[in-house]
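Below is one structure, written out as structure tokens; the observations come after it.
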Amino acid sequence: MDKISGLGIPVGQQEMLMRLQQTAASAGTGAIAAPEILAPSVTGAPPSVSFGNVLNQAINNVDQMQHAASARQAAIDTGLSDDLTGAMIESQKASVAFTAMVQVRNKLTTALDEVMNIAL
């Protein structure tokens, strides 16, 4: 496998990462973390990102999407906008993001239960 010098990431994985980041940027969701979070540190120092901060940021992103969808629906209801398609798309984006967040929460809960049931 070819590797990118200094990073140790195979070229195929790096290309896939770049495509995912481009897709996230075009969607405007911010769902993909910054490259410095995903790529191994060149200096060997541990990254200064905590799991709690990443989780809080994801929850805040979902909340913002839901507020944007609500604002668009309110604009349609009050007659300030006639962009029904845009409002429905925002609503579906918020719904998918919320569903994904709930699934992640369920997986984390299941994993925590499994860890707590491990016999020492």
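The values are calculated or read from the model by the stated rules, or taken from the named source; none is laboratory data. Computed from a predicted model, the values in this text were never measured in an experiment. Using ideal geometry, Cβ is built from the backbone for each residue, glycine included, and neighbour counts are taken over all protein chains shown.
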Being within 19 Å of Val54 (Cα to Cα) and in contact (Cβ under 8 Å) with a residue 60 or more places away in the chain is the filter here, so list the residues in the stretch 83-115 that pass it. Ala97
Of (1) modelled with pLDDT of 60 or more; (2) surrounded by 14 or more Cβ atoms within 10 Å (Cβ to Cβ), Ser26 satisfies all except one. Which? (2)
Given (1) exposed (fewer than 13 other Cβ atoms within 10 Å of the Cβ); (2) of a type in the set (S, T, N, Q); (3) at pLDDT below 90, Thr109 misses just (3)
Quick check on the stretch 83-104. Is at least one of its residues surrounded by 11 or more Cβ atoms within 10 Å (Cβ to Cβ), of a type in the set (Phe, Trp, Tyr) and assigned to a helix (DSSP H, G or I)? yes
Of the residues in the stretch 48-58 that are surrounded by fewer than 14 Cβ atoms within 10 Å (Cβ to Cβ) and of a type outside the set (Ser, Thr, Tyr), the one that is nearest to Ile89 (Cα to Cα) is Gln57
Val115: passes all of (1) part of a helix (DSSP H, G or I); (2) surrounded by 10 or more Cβ atoms within 10 Å (Cβ to Cβ) but (2)
If Gly79 meets every condition in (1) surrounded by 11 or more Cβ atoms within 10 Å (Cβ to Cβ); (2) at positive phi apart from one, which number is that one? (1)
